[in-house]
Each structure stands twice: as structure tokens, then as C-alpha cells.
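**Student:** Okay, handing you the structure first.
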Amino acid sequence: MQFFYANRIAAARLLIGIVQGLALYLLHEAGLKKSWPADQPDVLRALSTAAGMTPFFMVLGIGNLRWPTFAIWSVVIGLVSAGLGFHAGHQEMDRLGWFSLATILSTSIPVFLFIVNALVTGADSDRRSIATFRTYFEVTWKHVTQYVLASLFVGLFWGLLWLAGTLFNAIHVDVVSTTIAKSWFWIPVTCIVSSAALHLTDAQAGLVRGARSLLLNLLAWLLPVMVLIGGGFLVALFFTGLDPLWNTKRATLSLIIASGLLILLINAHFQDGMSQEERFPVLRYGRFLAALMLAPLVVLAAIGLGLRIEQHGWTPPRVIGVACIVMLASHAIGYALAALRSGPALRYLPMTNIASAFVTAAGLLALLTPLADPARISVDDQIARLESGRVAPEKFDLAFLERSSGRYGKDAYERLKTNPQGPNAARISARIEQLARAPKPGAVANSPASAETRAKNITVTKPAGTALPAAFLEKDWKSAPSGPALPACLTQSTYTCDAFLVDLVDDGRPEIVTIDPIGVTIFAQDAEGQWVAAGQILQKLFCPEVRQALKAGDVQPLQPRFKDLEVAGERLQVVSTACLRPRR
């Protein structure tokens, strides 16, 4: 009976992976074709988030949750993830890099769902509203270990497919590499393999516990190192003061990261609280010192962030920073009380961790909804500072409203354009009109090059005072046939370059050699007298003395240092790859 039950669970997990892969593939194709729901960013984000998140937690839950709980929780997590995705899409927030607001909030969605899922799974396992700390510990670290092992498995799987593609390409069979690059293949296969990996880790409970134990014990031995670093830092502050810390402009972020690491390492040693490592007092007392050290680090982070908010108001990173400090403070207060009341045993740590998990989940939910949306809070505060006169219109960052705060910022910017408020309303309107006439940041006021701009922007270094041929200057280089990369001075009116004339083929007609930051290009006349890009110099341009001499036109045509080779009727050239000087 157990065998058939296990097979049913395995089949269900694989089916979930198949359905997820199909759903994500269809959404991917809709995005490429700009068809529904891609024409509605909020709906697309909602469906994509639900399709990406819900199956993952269904795979973790099936077989580990009671069936009624599993069914209800699957629906809830689907609706919640879709709602959070809809809000993110409705924000119209552009992704402007790894550390943009959109990226941070998108990463926070799975973190929030992971925490809540652990709370629900633990409570269902103990058949009570709030489970014991030991149950929460087992569930949370089991899921973390499963995720790490499954990610490793999927990475190795794709490494094998890449190797297969490389091997078959070597014998001119490209069907493997072509197939694995197709979205209809890699999206569903990744989902199926991920589900299979999670099932394998769930079925091998002993393996997961062993890997978890190894991971936590390794982390625990980093605790003394972190205590020395944090303790040394706090002691040094008595001699340096706080000014050097605030002058770094990154103090709050560093303190938040340090506090988070302390919490992780404390719990890596404490684990479920049932076994105390009496054999290693350095870890036990290190844990005690770390619990006391956490509070001053969080206080310093709060002071630093408070100073920045007082000086410059709210911004999305500062809103997120306050949320992080609240989450960390819930740990810091409880850990300090546990250390003071029970010493190195830290008996009240389980209660603190459970309470802090609920605080963290609530904080993340607030950030991911309009309740404490970082963009909304920042825009409201910055607009209030502008219209009250605390910030001069000339110093206000209107680009933040236009491009970095999503729909809230765009709506506020449109209102400012039509109805600014406060004592500086006229100056605000004037500032907006001024910026509307100015080029957008990042835009280059470039126009196509003409014969006049080329003559002005190309400096002929040799022969001195020589003008470039009119046919060369007047040629429409943008429409020239494809060949070597052209210097920008030939196509754009704002770029400059150097050039010199030299006869490189001994035909009595000089070629033109141009030098720009990208490279060196040689222009020659073809049989019809038309100027064409005939070749490039690619080697040794990294040698400073070579580039300097080229710009000055200090060159001398020579016979090749290495003779060309004729191989099977083809002429092969030997290219030197070192900055060699002639032997004397």
C-alpha cells in the first residue's frame, strides 16, 4: 500500500510540473506575440506569478499536508500570488538592473510565500494553529535543503544537456543544441525536472536531514568569526565615533546585512533547541554574545536610516530599509531578552523566532501591497516636501517620478504638470516646462554626419595640413555595404577621430587610416575609384606606445615580419600577438 501511495504522489508531482511548464510556455509565447494577456501587463504578471509560484508550493505540500488543507492552501496561495503579481504589474515598474525596486519586490514574493507556507505546513503537521518551534524548524530547514539540492540537480541536468549539444555539434549534428534552445522544450522540461528533483529530495528524508545537518554545522562554525568581526566593530566605534560610519553612505545596508547574518548563524547553532553543544563552549558562548550584539547593530542601522530620512525624505530603498529594521528588531529584542534571562542557553529563542516569523511575513505582505508600497510612500512624501517648500523645485528629482516610481510617480508627475500646489507652484511649473524642452537623460543629441562635420571632426596627423579627399568625406557611409566596423566619426556628427594617409600597397595612391577608441580602420579605393573600408588593424592596440604613435601618424610600411603561408591553395597570414620590439 505504501508503494502505491508513493507512486501516486510521484505521479501527481510530475503532473503538476507538466501543467506548470505548459502554462509558463503559453504565457511566454503570448509575451513574444504581444497577444492576450501580454497586452495587459498587470494580468500577465498576475498569471505568470501564479504559474511560477503556486505549483512549487503544491509540490512541497502534496503528501506533507492533509488533503483538505492541501486543497484549500493551493487555492489560497494561487490567489495570493496572483494578487501580488497583479499589483506588481499594475505598478508598471521598469526593471532597471538587479537592484531596482521591481527586482527587489519580485524577489520578495517567493520569500513571503515560503515563510507563510512553512507556518501553514508546521501548523497542519501539529494539528494546531501555532506549531511547536521544533516542528517549524524541521519544516523550514527541510524545505530550504530541498530547494538547494533541487537547484543543484536542475543545474547539473542542464549542464549535461549543454555537454550533449557541444559533443553533437562537434560532429556537425546540431539537432540537440537547437532543440534545447527552443522555448517549447526548455520551459516545460525545466519545470518537470524541478518537480522530479523536489520529489526525490522529499522521498529521501534521511539524505535531506544529513545534508541539512552538514549545512547547519558548517554555518555554526562561522559564528565565532562573525562575533569577532561585530565585536571588534562595536569596540572600534568608541574610538572613531559615528561620523566616519555615516560618511560611508552605505552604513545602514552594511549593518542590516550584518544583523541578518548574525540571526542566521545564531540559529544555525541553536537549531531546534533540543541539543546543546556542550563540547564546544566557543560556539555556545559565541551564540550568547551574538544574541547581545544584535541589538546595538540594529539600533545603529535605525539611527543611520532615520538621519537619511530626516535629511532627504522617503525613497523606495529607505522604505524597504525601515521594513527590514522592524523585522530585525523583532529578533533583536527577543534575543537580547533571552540572553539576559537565561544566559547562554537562550531558552526563549524559540518563542522569539516564531513571533518574528509572523512579523516578517506581515512586513513583506505590507511592502508587496498598497498598504506600504515603497513607491507610494516615497512619492507621497517627496511631493509633500516639494509642495511645502522643503525642497527647491530646481533640486527636486523629477526623473524619479517619471521613470523610477511606477504608476504612482507617473500619476503624481501628471498632476504636477497641470495643478502644482504650495508656495512654489509657479517655480514647479517652470521647472517642469524647462525639463520638457531639454533632452532626456541618456539621450545623445546626435545627428548624422555630413561632409562638413567629417572634415571638422577628423584630424589628419600626417601629412600635416593635408585635407581628406572630397569623395571620402561626401560618401554616405551609413548606406555603405557591410564590412569592417566603421569609426563613429563617419556616421555621427558629434564623434571625433584621427587619420593619416599612407601608401600601403605601393600603387602610388595613399590609403586612409583612421584611429578611434574602438579600433583602426583602413580605407582604400576600389577599381572604380570608390572609397571602401578595406581592412582593420586588430592586434597590439592595447600597447599604449602603439596607439600613441598611430594617432600621430608615426608609421612606416614594412614587409611582413612573418611571410604568408600557402596552404591547400589558400593564403594564410601569421598574426603577431605580442608587443615585440625588433632585435638589434
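**Student:** What pairs come up if the first residue lies in the range 21-38 and is over 14 Å from Trp186 (Cβ atoms), the second is of a type in the set (Ser, Thr, Tyr), and their beta carbons are under 7 Å apart, counting only those six or more places apart or on different chains?
**Tutor:** Taking only residues 6 or more apart or on different chains, the pairs are Leu27/Ser48.
**Student:** Any idea how many residues of the range 176-213 are under 21 Å from Val19 (Cβ atoms), basic (Lys, Arg) and surrounded by 15 or more Cβ atoms within 10 Å (Cβ to Cβ)?
**Tutor:** 0
**Student:** Any residue at all in the range 168-178 that's over 23 Å from Gly63 (Cβ atoms), β-branched (Val, Ile, Thr) and within 26 Å of the chain's Cα centre (by Cα)?
**Tutor:** No, the range 168-178 has no match at all.
**Student:** Could you tell me whether Glu433 is over 22 Å from Thr315 (Cα atoms), at pLDDT below 90 and assigned to a helix (DSSP H, G or I)?
**Tutor:** For Glu433, the condition - over 22 Å from Thr315 (Cα atoms), at pLDDT below 90 and assigned to a helix (DSSP H, G or I) - is met.
**Student:** Residues in the range 444-459: is at least one farther than 30 Å from Ser493 by Cβ, open to solvent by 40 Å² or more (accessible area, probe 1.4 Å) and not in a loop (DSSP other than H, G, I, E, B)? It would help to see each step written out before you state the result.
**Tutor:** Within the range 444-459, the first condition is being farther than 30 Å from Ser493 by Cβ, and the residues that meet it are none.
No, the conditions are met nowhere in the range 444-459.
**Student:** Considering each residue of the range 296-306, count those that are open to solvent by 30 Å² or more (accessible area, probe 1.4 Å), at pLDDT 95 or above and not β-branched (Val, Ile, Thr), and give that number.
**Tutor:** The number of residues fulfilling the criteria is 2.
**Student:** Where in the range 179-294 are there helices (runs of 4 or more DSSP H), lying wholly inside it, with at least 3 residues that are within 30 Å of Gly321 (Cα to Cα) and more than 30 Å from the chain's Cα centre (by Cα)?
**Tutor:** So the answer is 223-240.
**Student:** Go through the range 359-410 and give me each residue that's β-branched (Val, Ile, Thr) and closer than 20 Å to His87 by Cβ.
**Tutor:** Thr360, Thr369, Ile377, Val379
**Student:** Only one of Ile72, Ile62 is farther than 28 Å from Pro317 by Cβ and modelled with pLDDT of 95 or more. Can you tell me which?
**Tutor:** Among Ile72, Ile62, only Ile72 is farther than 28 Å from Pro317 by Cβ and modelled with pLDDT of 95 or more.
**Student:** For the range 234-262, which positions are closer than 22 Å to Tyr136 by Cα, among the hydrophobic types (A, V, I, L, M, F, W, C) and open to solvent by 20 Å² or more (accessible area, probe 1.4 Å)?
**Tutor:** Leu261
**Student:** Also, I was wondering about something else. Restricted to the range 102-118, and to residues that are among the small types (Gly, Ala, Ser) and either surrounded by fewer than 17 Cβ atoms within 10 Å (Cβ to Cβ) or under 27 Å from Arg403 (Cα atoms) (or both), which residue is modelled with the lowest pLDDT?
**Tutor:** Selected residue: Ala102.
**Student:** Continuing with this model, one more query. So, in the range 57-79, how many residues would count as being open to solvent by 50 Å² or more (accessible area, probe 1.4 Å) and either of a type in the set (Phe, Trp, Tyr) or within 24 Å of the chain's Cα centre (by Cα) (or both)?
**Tutor:** Total meeting the criteria: 1.
**Student:** Just checking, does the range 168-175 include any residue being open to solvent by less than 50 Å² (accessible area, probe 1.4 Å) and in a helix (DSSP H, G or I)? Explain how you work it out, then say what you get.
**Tutor:** Keep residues of the range 168-175 that are open to solvent by less than 50 Å² (accessible area, probe 1.4 Å), which gives none.
Checked the range 168-175: no residue is open to solvent by less than 50 Å² (accessible area, probe 1.4 Å) and in a helix (DSSP H, G or I).
**Student:** With respect to the numbered conditions (1) more than 22 Å from Ala449 (Cβ to Cβ); (2) modelled with pLDDT of 85 or more, which one is the sole condition not fulfilled by Ile512?
**Tutor:** (1)
**Student:** State all residues of the range 514-533 that are in contact (Cβ under 8 Å) with a residue 24 or more places away in the chain and open to solvent by 50 Å² or more (accessible area, probe 1.4 Å); if no residue qualifies, say none.
**Tutor:** Ile518, Gln530, Val532, listed by residue number.
**Student:** Mind listing just one residue for me: the one in the range 140-159 that is in contact with a helix residue (DSSP H, G or I) (Cβ under 7 Å, 6 or more places away or on another chain) and over 15 Å from His199 (Cα atoms) and, of those, most open to solvent (accessible area, probe 1.4 Å)?
**Tutor:** Phe157
**Student:** Something else about it: Looking at Ile229, Ile309 in this structure, which one is of a type in the set (Val, Ile, Thr), under 30 Å from Phe400 (Cβ atoms) and surrounded by fewer than 21 Cβ atoms within 10 Å (Cβ to Cβ)?
**Tutor:** Ile309 is the lone residue from the list that is of a type in the set (Val, Ile, Thr), under 30 Å from Phe400 (Cβ atoms) and surrounded by fewer than 21 Cβ atoms within 10 Å (Cβ to Cβ).
**Student:** At least 2 residues that are open to solvent by less than 20 Å² (accessible area, probe 1.4 Å) and in contact (Cβ under 8 Å) with a residue 40 or more places away in the chain in each: list the helices (runs of 4 or more DSSP H) lying fully within the range 337-429 that qualify.
**Tutor:** Of the helices (runs of 4 or more DSSP H) lying wholly inside the range 337-429, those with at least 2 residues that are open to solvent by less than 20 Å² (accessible area, probe 1.4 Å) and in contact (Cβ under 8 Å) with a residue 40 or more places away in the chain span 349-367, 374-388.
**Student:** Does any residue of the range 275-282 turn out to be among the polar types (S, T, N, Q) and out of contact with any helix residue (DSSP H, G or I) (no Cβ under 9 Å at 6 or more places or on another chain)? Quick ask: steps written out before the conclusion?
**Tutor:** Taking the range 275-282 as the starting set, the residues that turn out to be among the polar types (S, T, N, Q) are 275-276.
Retained after the next criterion (residues that are out of contact with any helix residue (DSSP H, G or I) (no Cβ under 9 Å at 6 or more places or on another chain)): 275.
Checking the range 275-282: at least one residue is among the polar types (S, T, N, Q) and out of contact with any helix residue (DSSP H, G or I) (no Cβ under 9 Å at 6 or more places or on another chain).
**Student:** Can you tell me how many residues within the range 460-513 are more than 24 Å from Gln548 (Cα to Cα), open to solvent by 80 Å² or more (accessible area, probe 1.4 Å) and either aliphatic (A, V, I, L, M) or under 39 Å from the mean Cα position of the chain (by Cα) (or both)?
**Tutor:** 4
The values are calculated or read from the model by the stated rules, or taken from the named source; none is laboratory data. Just so you know, these numbers come straight off a predicted model, no measurement behind them. Counting neighbours? That spans all protein chains shown, and the Cβs are built from the backbone with ideal geometry, glycine included. Surface areas here come from the heavy atoms of the whole protein model, side chains and all, with no ligands, DNA or RNA. Shrake-Rupley method; radii C 1.70, N 1.55, O 1.52, S 1.80 Å.
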